[in-house]
Amino acid sequence: MNGPALEIDSLTLALAGEDGSPLFPVRSLSMRIAPGELHALVGESGSGKSLTCRAILRLGPNGMRVRAGSIRVGGVDVSALSGRRLHRFRGGRVGVIFQEPGAHLSPSIRVGRQIVEALRIHTGCSRTEARHKAETIAERVGLTPARSILRRYPHELSGGMAQRVAIAAAIICSPELLVADEPTTALDATVQKSVLELIDELRHDLGLAVLLVSHDLAVVERYADSVTVLYAGSVAEQASSEEIFTRPRHPYTQALLRARPQLGDIAPVDTPPLIIPGSPPALNAIPGGCPFHTRCPAAEELCRTVVPDLVERGGDTGDARVACHVATRVAGVAHDA
Amino acid sequence: MKRLLLILLITTVGISQLLAFGQSERDDESLRLAMSGNPDTLDPQATPGTLTFQVTRSIYDTLVEPDVDGEIVPALAASWEADDDATVWTFHLREGVRFHHGADLSADDVVATFERMLDEEFASPNADELGPIENIQAIDDHTVRITLGEPYAPLLASLASSWSAILPADLVEEEHDFGAVPVGTGPFRFREWVQDSRIVLDRHDGYWMDGAPQIGGVVFFIIEEPSVQLQGLLTGDFDVIDTVQPESLDRVREHPETRLDETLSSLAMVLSMNTRREPLDSVDVRRAITHAVNKEQVLDIAYGGGEVGGTFMDTGDVYHRDFSDRYPYDPDAARELLAGADADVGRTLTIAVPQNYEAHVNAGQLYQQMLEDVGLDVELKLVEWSTWLSDVYGDGDFDLTVIGHTGKLDPEGRLGDLTSERFYTGWQNAEFNELVRAARRTADVEERQELYAEALEILAEEVPMVFTGTNYRYIGLRRHVRDFHMDGKLDTYDFRRVHFLNE
Amino acid sequence: MVLTVLLVVTISFVVVRVIPGDPAAVIAGIDAAPERVERIRTRLGTDRPIAVQYMEWLGGLSRGELGTSLTRNRPVSAMIAERLPITATLAGSAFVLTLLIALPAGLLAAIRPHGLADRALGAFSHAGLAIPDFWVGIILLLIFSVTLRVLPLFGATTALHYILPAVALAVSRAALLARVVRASVRAELKKRYIEGIRARGVYGARLLWCHVLPNAMLPVITVAAVQLGYLLGGSIVIEQVFSMPGLGRLILTAVFQRDFPVVQAGVMFIAVCFSLINFAADILYTIADPRIRSAR
Ligand SMILES: Nc1ncnc2c1ncn2[C@@H]1O[C@H](COP(=O)(O)OP(=O)(O)OP(=O)(O)O)[C@@H](O)[C@H]1O
Ligand SMILES: [Mg+2]
């Protein structure tokens, strides 16, 4: 495949606030993910990660609309889809898994049926064919013995197994993109790792593009090819994983990295993890200028008044962009104000 | 879409077939009658129930029967005679009468019939109606002799009543279930009874009466809802309906295809008083209560119209005497009497009303209002019918109660009850009892009439009940039904002369 | 189990006897002399001590006999057998009709709250719950049997006879059940798994019938089971309006006449029906919700 699997261009999402005035939980977000690439979306709670995922699937909460920009999956404009084509798109070209897999499976239906449901309704394949396919894919995602597990109900599965079921259901129609919104947050550490390993394998084997939302920077560092750091709905920094973790430019990214628990014996045991002081702004009170300036240790006058553009920041590997007046100036990158 | 069309098609075909079915039934020569309830049994000896008699009257015959004017005329007995003191009665049976199952009528059948009814173990609720019978014997094949212990004038009337239906001796012998499959000599033979649905009778071709019956049969449909009865009559589903509610009378009268048969019933509608209890033991209080009641209004509003009464006799009876002017509607007189009465009239009086009889409930409300108008404290209590029968009627546990007493062909049937000390009103009068007892033994009609007139006057003066009057019995009919006859006294139908006018 | 049966049997025996009223008085009627009533009582055997009657009845039951009707002098079992098909057909078709109305109506209303379907259901259920079955029956009779003359006025001989009574019985029950369906589906639609299913491209009718409805069934089954029980009661009135010779009318008449064996058998029969319905509902629960199944 030549083009990107996912291509988001200057996406601005609008929601109706409680008083009816529009809120913009995501603003001017762009990203592209190539087939086989694993892209991580990070940011504090409420920064708009899940809304972005929902926008890709057109499964937004009631009242959410695309205010500007576009989303393309495999070159197809998502917002142009309607009716049957939209439904076929959902199960067929994009697969999705969520935080609590059990909560996303119908409680009264055997998991085997749920795994192949998309296949059955989108491709109209026969029952036996579907069962066969389900067994194959179940084994592929590590659900063994497949036959007996497929006959179970969601409540009879452990969290890790349920997430494997969700993954199987998400990829059964061979989609180009897998959206994984915090797929492992609810699982314990060892299970978490095996699920991520599975996703990682699948994207290599199947050439699957993955959008991974995660709070866990260690996970991101380990698995992601590229990263978008979101703050209060807008991109703070976007670069390859290596750039982000070795040369973070945005003060917010730097703060995030400092705030994460250190692994092993690298950190002195008695050093508490650094916490970013303050909390992210409410949607209806996003400050003017740089949204981060209220919490930014490096903020200047300019930051308070002018919204920083996302500009090339220069990097050793591929594209790297940052939205910070200070960082841009320090790096000596020119920008047209 | 195709499926929808198919459903429509099926529905249309179904409906048109139904209509065709309805059409073909109209040619049937059976009379279709809507009856307001399911009889308990079709054994005329096992119940005093009117519903039973209304059916069995067409299946069975009696030795004698009342004619249109209430005169007793021959039926299965072609003739009869009594000895001088009316204790030995001889009946000569009609020749050539045949039961539905093929046997010929003989004297043995008559004997077997009455022996069954008088059998203590069988415990027929009608046994007492026959009076002091000592002996019944077959003199020959077609002659029966009934011997009485003492003169009993009401005998003929009792033999003409529905419970005296003659059953075939052979089936009595083998304890046949007459309640389910009745077999008689009557104008119609029993075909089937679907419980709570219908009773079907076919014409009995060998019936003894010339030219009867004329119709092919009778179907009694059991239809409890008066409104369904009415609609069925108007649409032609029924030829006759046995219930027409007061508010529907005009519709039946005015509809071009229906008419109303209006017969004076045999009921004496009363507001009974428990004379064992204070203050109803005072005759002044009872008279005051009688003064307080506007009888005409009660009859009109609650019972759909009728004739005002003044004593314990239905107003159409030959023995009836009009005493309605003795204590007429006069609230002032009532108040005056109450003021002067030496009894505690301040007590709350309860009117017990059988709740499943809408007419009685309505009447109860009117009575309550009228008695409160003259200053009495009255409350209404609805009781279920079987409770009414056991508590009020059986045990005499009540103050006041609303009921209609059915009449018999003979006044003894009504007045004899009052001579019993256990009668529910508790009222006793030696002179009255003597008069009724004497009348029972008197064969001479004029003499009896005089005795009863005196007895009825005592009641009119003593008023153990407010004798409100007698209502009309309304039957709704299609106009093409001709020569339909309802016996108001027995509350039964005679279909023998019924025929349809060609439409 | 044996204890339950004995309890039901005993209660049905006691209940019919503590209410006032005497079958002999009913049979004798208003003109009979008191001595006559006593003789009838002797014939019926209702003058014997209660304990003797009770033991005798138990004895009969243990041999599978329900006794003989006091007023109609027929075996009670035959009387019930003759009526049962009619009431069963009536209640059964009314129940099916209830489901056929309530499930789609509740679903439609739930999909779009305050939409046209929802408001229509609101009006229907208000009316359905406010108007007694009896009146619905009379109105239907007037429209279809009297004015249009397309359906029979009385009886229970053909399938056509069951249409109106079944509708009359179904209306109020469907009104209530549709509300339950609506509420339950609404609650289900808010649950998070719906999102997961929709994300797989499942939509529309399939989403509702295959996922939402089965999961929303538990409260619906509970209410429907209760309603099926009450259908038996409702059919008493409806059988009367439509002149159908069903079980309800048999029992009602028997109660009025104090026909003890028939009432006892009727009470027992209803108790058995109720427990069968509950049993069926329990089974349905486990079918509808696998979590209950595995909890056992
Ligand atoms: N249905 C909704 N109506 C109004 N506001 C919403 C709705 N859903 C989300 N939001 C708001 O939009 C913003 C972004 O929400 P989103 O769920 O995308 O956050 P997130 O980055 O996924 O956070 P988390 O890490 O907690 O999952 C938040 O401020 C949230 O309060
Ligand atoms: Mg989220």
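The values are calculated or read from the model by the stated rules, or taken from the named source; none is laboratory data. Remember, it's a predicted structure, so these values are computed and weren't measured experimentally. FYI the Cβ positions are ideal-geometry reconstructions off the backbone, even for glycines, and counts take in every protein chain you see. Accessible surface is based on the protein model in full, side chains and every heavy atom, while ligands, DNA and RNA are left aside. Shrake-Rupley method; radii C 1.70, N 1.55, O 1.52, S 1.80 Å.
List of remarks:
- Only helices enter the 222 nm calculation for chain B: every DSSP H run of n ≥ 4 contributes -39,500 (n - 2.57), and dividing by all residues gives -9500 deg cm²/dmol, rounded to 500.
- Accessible surface, 1.4 Å probe, highest first, among residues A:Ile199, A:Ile286, C:Ile50: C:Ile50, A:Ile286, A:Ile199
- Rounded if a/c under 1.5, otherwise prolate or oblate - chain B, Cα gyration tensor axes: oblate
- Exposure rank, largest accessible area first [B:His360, B:His92, A:His132; 1.4 Å]: A:His132, B:His92, B:His360
- Buried area at the B-C interface (accessible, heavy atoms, 1.4 Å probe, summed, Å²): 4100 Å²
- Taking every residue in B:418-426 and counting other chain Cβ atoms within 10 Å of its Cβ, the average works out to 1.
- Inter-centroid distance (Cα atoms) of region B:358-372 relative to region A:210-263, Å: 91 Å
- Annotation: aspartates and glutamates with alpha-carbon distance below 14 angstrom to C:Lys191 (same-chain offsets under eight excluded): A:Glu100.
- Solvent-accessible heavy-atom area per residue, rounded to whole Å², over region B:268-472 at 1.4 Å: 38 Å²
- The distance linking region B:261-316 with region C:118-140 is 43 Å (Cα centroid to Cα centroid, whole angstrom).
- Take the Cα radius of gyration of region B:90-157 and divide it by 2.2 N^0.38 Å, N being the number of residues; the result is 1.18.
- Neighbours of C:Arg200, meaning other residues whose beta-carbon lies under 9 angstrom from its beta-carbon, give a summed charge of +1 when Lys and Arg score +1 and Asp and Glu score -1.
- Charge dipole of region A:139-204 about the Cα centre (unit charges at C-beta), most positive-ward option of A:Ala146, A:Cys173, A:Leu187: A:Ala146
- For the protein assembly as shown, DSSP calls about 70 percent of its internal beta bridges antiparallel.
- Residues losing 30 Å² or more accessible surface upon assembly, region A:101-121, compared with the chain by itself, 1.4 Å: A:Ala103, A:His104, A:Ser106, A:Pro107, A:Ser108, A:Ile109, A:Glu117, A:Ile121
- Shielding of C:133-139 by partner chains, average beta-carbon count, 10 Å: 1
- Pairwise Cα distances in region B:100-240 exceed 21 Å in 56 percent of cases.
- Within the accessible area of region B:425-497, the carbon and sulfur atoms contribute 40%, probe 1.4 Å, all protein chains present.
- Computed with a 1.4 Å probe on the full set of protein chains, the accessible area for C:Trp209 sits at about 130 Å².
- Part-to-part distance (alpha-carbon centres) for region B:92-122 and region A:91-120, which is given in Å: 85 Å
- Structural descriptor for chain C: relative contact order 26 percent, calculated from alpha carbon pairs under 8 angstrom and at least 6 residues apart.
- B:Trp89 - accessible surface, heavy atoms, 1.4 Å probe, Å² rounded to 10: 30 Å²
- Dipole-positive endmost among B:Tyr319, B:Gly346, B:Leu376 within region B:268-472 (Cβ charges, Cα centre): B:Tyr319
- Heavy-atom accessible surface of region B:64-170: percent carbon and sulfur, 1.4 Å: 44 percent
- Reduction of at least 30 Å² in accessible surface, 1.4 Å probe, comparing all protein chains with the chain by itself, residues of region B:174-209: B:Gln195, B:Asp196
- Computed over Cα pairs, the Kirkwood radius of chain C leads via Stokes-Einstein (1.002 mPa s, 20 °C) to a diffusion coefficient of 98 µm² per second.
- Surface burial for A against C, with a 1.4 Å probe and both sides summed, reaches about 2300 Å² of accessible area.
- Average Cα contact separation per residue, chain B, under 8 Å, 6 or more apart, as relative contact order %: 19 percent
- Chain B: DSSP helices with Cα axial extent of at least 20 Å and average Kyte-Doolittle hydropathy no lower than -1.0: B:2-27, B:358-373, B:445-462
- Each Lys and Arg contributes +1 and each Asp and Glu -1, all at the Cβ; summed about the Cα centre of the protein assembly as shown, the dipole is approximately 11000 debye.
- Straight-distance candidates among the aspartates and glutamates for linking to B:Lys381, with alpha-carbon spacing under 20 Å and chain neighbours fewer than 8 residues away dropped: B:Glu278, B:Glu358, B:Glu372, B:Asp373, B:Asp391, B:Asp395, B:Asp397, B:Asp399, C:Asp22.
- The mean number of partner chain beta-carbon atoms within 10 angstrom of a residue's beta-carbon across peptide C:210-220 is 2.
- Once both labels are positioned 7 Å from their Cα atoms along Cα-to-Cβ, the gap between A:Ala80 and C:Gln53 label points is 8.7 nm.
- Solvent-accessible heavy-atom area per residue, rounded to whole Å², over region B:76-207 at 1.4 Å: 39 Å²
- Ranked by solvent-accessible area (1.4 Å probe, protein heavy atoms only, all chains present), the residues A:Ser148, C:Ser62 order from largest to smallest as C:Ser62, A:Ser148.
- Ranked by the mean number of other Cβ atoms within 10 Å of their residues, highest first, the peptides B:283-296, B:186-199, A:213-226 fall in the order B:283-296, B:186-199, A:213-226.
- Three-way shape label, region B:313-416, alpha-carbon gyration tensor, a/c 1.5: oblate
- The angle between the Cα long axis of helix C:34-44 and the longest principal axis of the Cα atoms of chain C comes to about 70 degrees, rounded to the nearest 10.
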